[in-house]
1. Kindly list the number of the only condition in (1) free of Cβ contacts under 8 Å to residues at least 24 places away in the same chain; (2) over 16 Å from residue 220 (Cβ atoms) that fails for residue 112.
2. With the requirement that a residue be more than 13 Å from residue 92 (Cα to Cα) and away from ligand 1 (no atom under 12 Å from the Cβ), what does the stretch 54-76 give you?
3. Output the residues belonging to the stretch 189-236 that are closer than 13 Å to residue 106 by Cα and either among the polar types (S, T, N, Q) or within 13 Å of ligand 2 (Cβ to nearest atom) (or both).
4. What strands (runs of 3 or more DSSP E), lying completely within the stretch 271-349, carry at least 1 residues that are more than 16 Å from residue 370 (Cα to Cα) and of a type in the set (S, T, N, Q)?
5. Looking at the stretch 167-181, which of the residues that are more than 12 Å from ligand 1 (Cβ to nearest atom) and touching an Asp or Glu at 6+ places or on another chain (Cβ under 9 Å) is nearest to residue 3 (Cα to Cα)?
6. Among the residues of the stretch 208-229 satisfying the criterion of being over 30 Å from residue 23 (Cα atoms) and surrounded by fewer than 19 Cβ atoms within 10 Å (Cβ to Cβ), which is modelled with the lowest pLDDT?
7. Quick test for you: out of 240, 232, 247, 296, pick the one residue that is more than 30 Å from residue 27 (Cβ to Cβ) and modelled with pLDDT of 95 or more.
8. Find the residue count for the stretch 131-163, including only residues that are within 12 Å of ligand 1 (Cβ to nearest atom), touching a residue at least 60 places away in the same chain (Cβ under 8 Å) and loosely packed, with under 14 Cβ neighbours inside 10 Å.
Amino acid sequence: MPAKDVAVVILAAGKGTRLKSSLAKVLHRAGGRTLVEQVLRACAPLGAKKTVVVIGHQAEQVAAVVEPAGGEPVLQQPQHGTGHAMQVARRTIGKAKLAMVLPGDAPLVRTETLRRLIAAHRAGKAVATILTAVVSDPSGYGRVVRKSETNVGAIVEESQLTDDQRELNEINSSIYCFTLEKLWPALARVKPHNAHREVYLTDAIAILASQGETVLAQVAPDPREALGCNTRADLAEVDRVFREWKRNALMSAGVTIQLPETVLVDPEVTAGEDTVIEPGVQLLGKTKIGARCTIRTGSVLSDAILGDDVVVEPHCVVGQSRLDDRVTIGPFARLRANNHLKTGVHIGNFVELKNSVVGEGTKAGHLTYLGDAKIGAKTNIGAGTITCNYDGFHKNPTTIGNRVFIGSDAALVAPVRVGDGAYVAAGSTITDNIPADGLGIARGRQVNKPGWASRKRRELAAADKQKPRRSTTKAGKAKKARRR
Ligand code: UD1
Ligand code: CA
């Protein structure tokens, strides 16, 4: 059903005192996004006439998140409660018939639940319809007092509960559908009669019900949809639920996740069929993983693009990089930003790459730094190779051709080029270009001195005999001490 007569209103002006944070509550993150973005995303598919977001604390920063996501910010300054927030938004809400009101701190609500709430409101000819949840621990939430099986009489805030009401386990999610022409006059009658001297939106419910208007409640299909983030513990719980949903979506798409509760996946991450993700992995940002890949334990990938059949061995850190089909990296490899590893590349342990292109089938197996390097196909980079890309002022490029053999412990002082098919002798410090098929060798020439070692040992032994004898064993030292 179209929702063109509906205005979405998100209440996001509060500070979030209970979080004990310098950051406004709705800018805290759960499931890889800020709380207010999560709420906006849940509302977007409704196709509402407009989406108003009431902001206050850190208004500038909140607006910067809200506006690109399609929200129209309204400033509530100071914040005199959820009812006051609605009054402040009135002019911007304009002539919509219905308002879908949501708190900015309850991000788990699903679009389908919101659709059903609006539908129930229309079908029941209600003036207010409340999304509620039945929970085992209702503490901290407003309780729903029903006056009949279907109709609500009031919402009572925690601080104002009578002993009987404390038992009620149906809570107010703070998500409502209101018929605006009825809400405004009721809200005008709400008095700030509470400890915080705030105008509570919840008090408008009792006023509407006492006027004989129809106030309905719809129980959320999943009580977690009503979870609000007042404390760090709430944030952790909500994050846990988002992460679980995301992992379940990946598993439904054919991805194996071992010990799933230990794996953290950001919302935009994708992975192909038969990919295996081991325990303790983090897949962050816009990471995209192909089919039949293995991401082994302890690896963290952010904004990485992996082809098919890629193996990431344990404890790799991969930043924004492209790994084509059949690449293998690690264990303990670090790919910083802007690398492209072409098909079949092997990067081994303790190898770091930055801003480098590595050609098909090339291998760098051990203890290497490749920065600002362009390396051809089927080249072998020996253990301990370092591109010296930084001269203290500028970053300089290293270009290595196809089928090159770089011996172990070579320092390639950039800018420098190594031609196709060339060799670099182990231990060389290369400062000049090496032509194709040439050998670059740059190290002191080796001199062997026959018999040198045994002569040296004899000399040392003779010198030792002339010194007064000193006991070096523990027992000897003890004996000596006793003699003293
Ligand atoms: C509110 C409800 C409570 C419900 C709970 C569900 C009221 C009085 N109580 O309590 O019945 O069970 O949500 O999570 O509404 N806000 C403003 N301006 C203000 C005050 C608050 O925009 O002046 C915003 C906050 O930023 C927040 C939302 O409104 O996003 C709810 O406020 P909060 O203080 O979290 O209310 P709760 O105590 O959780
Ligand atoms: Ca809250």
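1. (2)
2. Correct list: 60, 61, 63, 64, 65, 66, 67, 68, 69, 70.
3. Once the filter is applied, which keeps residues that are closer than 13 Å to residue 106 by Cα and either among the polar types (S, T, N, Q) or within 13 Å of ligand 2 (Cβ to nearest atom) (or both), the stretch 189-236 yields 226, 227, 228, 229, 230, 231, 234, 235.
4. On the way: elements: 282-284, 300-302, 321-323, 339-341.
Of the strands (runs of 3 or more DSSP E) lying wholly inside the stretch 271-349, those with at least 1 residues that are more than 16 Å from residue 370 (Cα to Cα) and of a type in the set (S, T, N, Q) span 282-284, 300-302.
5. Taking the stretch 167-181 as the starting set, the residues that turn out to be more than 12 Å from ligand 1 (Cβ to nearest atom) are 167, 169, 177-181.
Adding the requirement that they be touching an Asp or Glu at 6+ places or on another chain (Cβ under 9 Å) leaves 169, 179.
On the way: 169: 31, 179: 13 Å.
Per the stated criteria, the residue is 179.
6. Looking only at the stretch 208-229, we keep the residues that are over 30 Å from residue 23 (Cα atoms), and these are 208-219, 221.
Filter once more, so that each one left must be surrounded by fewer than 19 Cβ atoms within 10 Å (Cβ to Cβ): 210-214, 219, 221.
Working: 210: 97, 211: 97, 212: 97, 213: 98, 214: 98, 219: 97, 221: 94.
Checked the stretch 208-229; the qualifying residue modelled with the lowest pLDDT is 221.
7. Working: 240 fails: more than 30 Å from residue 27 (Cβ to Cβ); 232 fails: more than 30 Å from residue 27 (Cβ to Cβ); 247 fails: more than 30 Å from residue 27 (Cβ to Cβ).
After ruling out the rest, the residue left standing is 296.
8. Qualifying residue count for the region: 1.
The values are calculated or read from the model by the stated rules, or taken from the named source; none is laboratory data. Quantities reported herein were computed from a predicted structural model and do not represent experimental measurements. Backbone-built Cβ (ideal geometry, glycine too); neighbour counts: all protein chains shown.
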